[in-house]
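Asker: The structure follows.
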Amino acid sequence: MLPRVDAVFRFRGRAITATDVAQIRALVAAQPAASRSALARQVCELWQWRQPNGVLRDGVCRSLLVLLHRAGHIDLPPGRIQAPSPERTRRPPPLIQVDTTPVQVPLRALRPLEFRQVRRTPEEPLCHSLLAQYHYLGHVRPVGEHLKYVVYAQGRPIACFVWSSAPRHLGPRDRFIGWTPELRRRHLHLIAYNPRYLILPWVHVPHLASHLLGRMATVLMHDWPRLYGHPLYFLETFVDPTRFRGTCYRAANWILLGRTTGRGKWDFTHRPNRPIKDVLGYPLIPRFRQLLAGGRG
């Protein structure tokens, strides 16, 4: 339920006022034949609502328009694209078979290692397939800014990474950095979250997991600004302590920041409703705290 629109409220980091809602009503009234997507783009242009790389936040804006429509504050034209059925959206990715011959060699025998960014490339389905088959959480569909990697050794895939936009509310991280709500809103895009890390189960190479994490940090610092137009200063992830100790992250100098509350972002009961996880973080530069909590992002 949306708050009253005669008071300021926030939606995905933006303050929305009664004046904003009036502007949207005027746009809709002036163009009754415009699609919801077209209206969202026009609202973004009017408000200069853009991602750090300059791209319009039209996807986020469409969600705002739908919320206002459902709450009765505006009247949108009917949607032109039917949402896919839950069965279709939950369908697992096609399985791709790879060489599963065991890899049991010293780390130096695998080199050189190749990190391929596969999002929006012909290799992206391979990443999806490997995660679906071999990661205990399965395939992930990240939202917002994100990159996907397959790591190769001698032409064979040995590992996968997925990186995405960071969760908005994360107490241990916010306290570690020294964030106020306003600083978090301004600088959250300077953090990347690691929702999936997989080393394929037939790969048994001592010290490989922590080595890949160290290499991955350097690769991300180069690739993320090139695609999204802003740097990264910090990485974070969750580890389920009932399953893992997070040894490879700790060996790669990641820092234990604390534990989640187990409530999730849509909690209304203030009681745990999902597994409590360790929160680990990795500063990418020595001045990370100054830039995230005091500097300009």
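The values are calculated or read from the model by the stated rules, or taken from the named source; none is laboratory data. Computed from a predicted structure; not experimentally measured. All Cβ positions, glycine included, derive from the backbone under ideal geometry; neighbour counts span all protein chains shown.
Asker: Can you name the residue in region 247-297 that is among the small types (Gly, Ala, Ser) and in a loop (DSSP other than H, G, I, E, B) and, of all such residues, is modelled with the highest pLDDT? Break it down stepwise before answering.
Answerer: Of all residues in region 247-297, those among the small types (Gly, Ala, Ser) come to 251-252, 258, 262, 264, 281, 293-295, 297.
Checking the rest, the ones that are also in a loop (DSSP other than H, G, I, E, B) come to 252, 262, 264, 294-295, 297.
Working: Ala252: 97, Gly262: 69, Gly264: 58, Gly294: 78, Gly295: 51, Gly297: 43.
Per the stated criteria, the residue is Ala252.
Asker: Select from region 110-129 the residues that are loosely packed, with under 13 Cβ neighbours inside 10 Å and modelled with pLDDT under 95 and write down the one among them that is farthest from Pro206 (Cα to Cα).
Answerer: Filtering first and then ranking leaves Arg120.
Asker: All but one of (1) modelled with pLDDT of 85 or more; (2) buried (at least 16 other Cβ atoms within 10 Å of the Cβ); (3) in a helix (DSSP H, G or I) hold for Ala38; state the number of the condition that does not hold.
Answerer: That leaves (2) as the condition not met.
Asker: Right, something else. Restricting attention to region 217-250, and to residues there that are closer than 28 Å to Arg50 by Cβ and charged (D, E, K, R), which single residue is surrounded by the most Cβ atoms within 10 Å (Cβ to Cβ)?
Answerer: Within region 217-250, the match that is surrounded by the most Cβ atoms within 10 Å (Cβ to Cβ) is Glu236.
Asker: Also: Give region 146-186 a look and list any residue that's closer than 18 Å to Leu292 by Cα and in a loop (DSSP other than H, G, I, E, B), or say none.
Answerer: Ala166, Pro167, Arg168, His169, Leu170, Gly178, Trp179, Thr180
Asker: So which of Arg141, Arg120 is in the same structural domain as Ile191 (by TED's automatic domain parsing), on the phi > 0 side of the Ramachandran plot and part of a loop (DSSP other than H, G, I, E, B)?
Answerer: Details: Arg141 fails: on the phi > 0 side of the Ramachandran plot.
Selected residue: Arg120, the only one of Arg141, Arg120 that is in the same structural domain as Ile191 (by TED's automatic domain parsing), on the phi > 0 side of the Ramachandran plot and part of a loop (DSSP other than H, G, I, E, B).
Asker: List every residue pair whose Cβ atoms sit under 9 Å apart, with the two residues 6 or more apart in sequence or on different chains, where the first one lies in region 52-78 and is in contact (Cβ under 8 Å) with a residue 60 or more places away in the chain and the second, anywhere, is assigned to a helix (DSSP H, G or I) and charged (D, E, K, R).
Answerer: Once the first residue is in contact (Cβ under 8 Å) with a residue 60 or more places away in the chain and sits in region 52-78, its partners that are assigned to a helix (DSSP H, G or I) and charged (D, E, K, R) give His73/Arg25.
Asker: Need the failing condition index for Val28 against (1) under 15 Å from Val66 (Cα atoms); (2) crowded, with 17+ Cβ neighbours inside 10 Å; (3) under 31 Å from the mean Cα position of the chain (by Cα), just the number.
Answerer: All conditions are met except number (3).
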